[in-house]
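Data block below; observations after.
Read-outs throughout are calculated quantities, based only on the coordinates presented, and are distinct from any laboratory measurement. Values in this document were obtained by computation on a predicted structure and should not be read as measured data. Positions of Cβ are generated from backbone atoms using ideal geometry, with glycine treated the same way; all protein chains shown enter the neighbour counts.
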Amino acid sequence: MHATEQELFDSKISQEIRIEPKDWMPEEYRKMLIRQMSQHAHSEIVGMLPEGNWITRAPSLRRKATLIAKVQDEAGHGLYLYSATETLGITRDETIEQLHAGKAKYSSIFNYPTLTWADIGAIGWLVDGAAIMNQVPLCRASYGPYARAMIRICKEESFHQRQGFEILLTLSRGSEAQREMCQDAINRWWWPSLMMFGPNDDASPNSQRSMQWKIKRFSNDELRQKFVDVCVDQAKVLHMDLPDKDLKWNPDSGHYDFGEINWDEFYEVLKGNGPCNHERLEARKKAHEEGRWVREAAAAYARKKNHNHALI
Amino acid sequence: MDLVSTFVIYWADNTLILGHRNSEWTGQGPILEQDIALSNIALDLIGQARNFYQLAAVRINRIDKNQTLTEDDLAYFRDPSEFRNLILVEQENGDWARTILRQFYFSSYQFLLYEELLSSADRDIAAIAEKSIKETRYHLRWSAEWVMRLGDGTEESHARMLDAIQMLHPFIGEIFTAADFEYEAAEKGVCPLPEKIKSRWYKEVNSTLASATIPVLSADKISPNALSGKNGVHTEQLEDLLSVMQILPRAYPGVSW
Amino acid sequence: MDRKTEQWPLWEVFIRARQGLDHKHAGSLYAADAAMAIENARDVYTRRNEGISIWVVESKFIHASNPDESASLYDPANDKIFRHPGFYHLPDELKNI
């Protein structure tokens, strides 16, 4: 008696055997992966914009070089993820089309503006910090290409968080104006960073499914708590406050308690009503549209050369 | 400042300003892969600029014992009229064709110059050239390939290349018009006079343009230009660029970042 | 808009990390031609000295075995343990073999 495809799939998942592109998989699993991975890829690409804004204004040559390298890495990470998503049978063009049509989501955090140089530090420390917290367990995701892309990404990402923290550390040890800039950025980025872990567990139906399939390994709330615990100690090194009056150590749980997230804001930004949703999407569409003639030219040139080659 | 130091600053400014211009493309490229490629070139150029600025700072501080200049002082606290970069590199990016052609012209000259600088009488300058020439060889290859793709691609890309050729033509002459610091540096065996590289530059550039089905340039038809970036006389585009680039250090002088 | 006129082919990238190692699959990317694919691979997959040699091949030229046939392809090798050195029982005093 042969095991059904579904049974084979389930047994691979339970034995921690990775699923590979051509293996049979439930349609729902494929759909969930496509949604999550392409969202993730879009987040990297849209995420280039708020930081890219500051490349031309980076205040020293060293900072300028690191910021270019960082934003360039994000392009690379988007590319690894599009490439992994492609193994599920959807082309990069199709996924990008969904983004431009407003049908695909990306991380809401990138719909907040970068107002000062300190924001570049806060993004590195908090936003990349939250991203890493989310991403490290994904290195063990059940889908092989996703896990492999995440391993590569996590390896590269650690410099991002460190450069961000270093920016804030320098500001925190600087002039009064710099310290204010630093605190202000932390105030603005703290709550949106906590939102990056997604809705509370009881409001996140997809989450459970994703954990059963071992795409996700920890729940939203578990990861968020871990992030809060880590950041409280790091903020002390900066001598900066985290903007939450309810934040305090709870000896019983062994964790920091923290205040209620403004979920109305979360869902508003998610729906596209954040401060920069429109601007970000327009910027992506513009780059894509304006690049069309370039892509066409290179394709036409390659066809000509191939043709000439065939004639020889 | 001695004139050899000015020559060093000239190359620091060239590489910084072009690197800065290229970095304006980061996040806006025509396709992800090329976004990454041009960002890489921006990074290479800014890396070269830092080497040149650091060398210039050492030279200046050595002559004037009261000075403690750093690379950032030179990049962030000089006015447009103190910048020595070629007018070519400060030009706005325009479309991909203009960005590519600007890179191609620049890298072609830079590569031929670096080859000469390898045997410069100044060992520090020779060392930077040696370190940088591998990067520059790559920039040259990359941009030459794109010139061919665009020139011999579609009707539209061909037309856009012709526009770029016309736009950038007025700025070629300056490359080969020696400034006083180039005469002085050449005198000391530090660098060749640009004249020495001129015919090779036209030969190499024209050979690529010809394969790209674009009319070749004529060395005799250099349009006279009152501006001279080498002597600190720039287009307004440099002022716009610097007012963005230098904004933070100038708004908050005397602090670290 | 005709998608074909601007679509570049997909390429698979293989990287040799150092001398003495095999080329290993790193991922994929889009490029109009082979020269561009190698340059892109260098920029995308070796930004941190991950490689010293690059192979690219258009993805459409890769033929893969079918996982549904994996039983017939790979299981037969399972019981041919005589291909492995541990199958042969030899006296301990025998050296250098």
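If you go through the stretch B:168-214 and keep only what is over 22 Å from B:Gln91 (Cα atoms) and part of a loop (DSSP other than H, G, I, E, B), you end up with B:Lys188, B:Gly189, B:Val190, B:Cys191, B:Pro192, B:Leu193, B:Ala212, B:Thr213.
Of C:Arg48, C:Arg83, C:Arg42, which residue is within 11 Å of chain A (Cβ to nearest Cβ), of a type in the set (D, E, K, R), at negative phi and touching a helix residue (DSSP H, G or I) at 6+ places or on another chain (Cβ under 9 Å)? Of the residues listed, the single one that is within 11 Å of chain A (Cβ to nearest Cβ), of a type in the set (D, E, K, R), at negative phi and touching a helix residue (DSSP H, G or I) at 6+ places or on another chain (Cβ under 9 Å) is C:Arg48. All of (1) under 30 Å from A:Arg30 (Cβ atoms); (2) free of Cβ contacts under 8 Å to residues at least 40 places away in the same chain hold for A:Arg217 with one exception: (2). Being part of a helix (DSSP H, G or I), more than 24 Å from C:Trp8 (Cα to Cα) and either touching a Leu at 6+ places or on another chain (Cβ under 8 Å) or of a type in the set (S, T, N, Q) (or both), is that true of even one residue in the stretch B:141-152? No, the stretch B:141-152 contains no residue that is part of a helix (DSSP H, G or I), more than 24 Å from C:Trp8 (Cα to Cα) and either touching a Leu at 6+ places or on another chain (Cβ under 8 Å) or of a type in the set (S, T, N, Q) (or both).
Of all residue pairs spaced 6 or more apart or on separate chains, none has beta-carbon atoms under 6 Å together with a first member in the stretch B:38-62 that is more than 18 Å from B:Arg78 (Cα to Cα) and free of Cβ contacts under 8 Å to residues at least 12 places away in the same chain and a second member that is aromatic (Phe, Trp, Tyr) and surrounded by fewer than 24 Cβ atoms within 10 Å (Cβ to Cβ).
Filter the stretch A:52-108 for residues that are in contact (Cβ under 8 Å) with a residue 24 or more places away in the chain, polar (S, T, N, Q) and farther than 30 Å from B:Glu71 by Cβ and give the result. A:Ser83, A:Thr85, A:Thr87, A:Thr95, A:Gln98, A:Ser107, A:Ser108, listed by residue number. For the stretch B:80-88, the count of residues that are within 11 Å of another protein chain (Cβ to nearest Cβ) and touching a Lys or Arg at 6+ places or on another chain (Cβ under 7 Å) is zero. Scanning the stretch B:182-209 for residues that are over 30 Å from B:His158 (Cα atoms) and of a type in the set (Lys, Arg) gives B:Lys188, B:Lys196. Applying the set (1) within 14 Å of chain B (Cβ to nearest Cβ); (2) surrounded by fewer than 22 Cβ atoms within 10 Å (Cβ to Cβ) to A:Gly89 leaves exactly one unmet item: (1).
Here is a yes/no grid of residues against (1) out of contact with any Leu (no Cβ under 6 Å at 6 or more places or on another chain); (2) in a helix (DSSP H, G or I); (3) without any contact (Cβ under 8 Å) to a residue 60 or more places away in the chain; (4) within 14 Å of another protein chain (Cβ to nearest Cβ):
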{"site": "A:Ala118", "(1), (2), (3), (4)": "no, yes, no, yes"}
{"site": "A:Met133", "(1), (2), (3), (4)": "no, yes, no, no"}
{"site": "A:Ala149", "(1), (2), (3), (4)": "no, yes, no, yes"}
{"site": "A:Glu156", "(1), (2), (3), (4)": "yes, yes, no, yes"}
{"site": "A:Phe159", "(1), (2), (3), (4)": "yes, yes, no, yes"}
{"site": "A:Gln163", "(1), (2), (3), (4)": "yes, yes, no, yes"}
{"site": "A:Leu168", "(1), (2), (3), (4)": "no, yes, no, yes"}
{"site": "A:Cys182", "(1), (2), (3), (4)": "no, yes, no, yes"}
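Of the listed requirements (1) touching a residue at least 12 places away in the same chain (Cβ under 8 Å); (2) more than 14 Å from chain B (Cβ to nearest Cβ); (3) surrounded by fewer than 22 Cβ atoms within 10 Å (Cβ to Cβ), A:Ile17 misses just one: (1). When B:Gly189, B:Gly153, B:Gly173 are screened for being small (Gly, Ala, Ser), away from chain A (no Cβ under 14 Å) and over 23 Å from B:Ala121 (Cβ atoms), only B:Gly173 passes.
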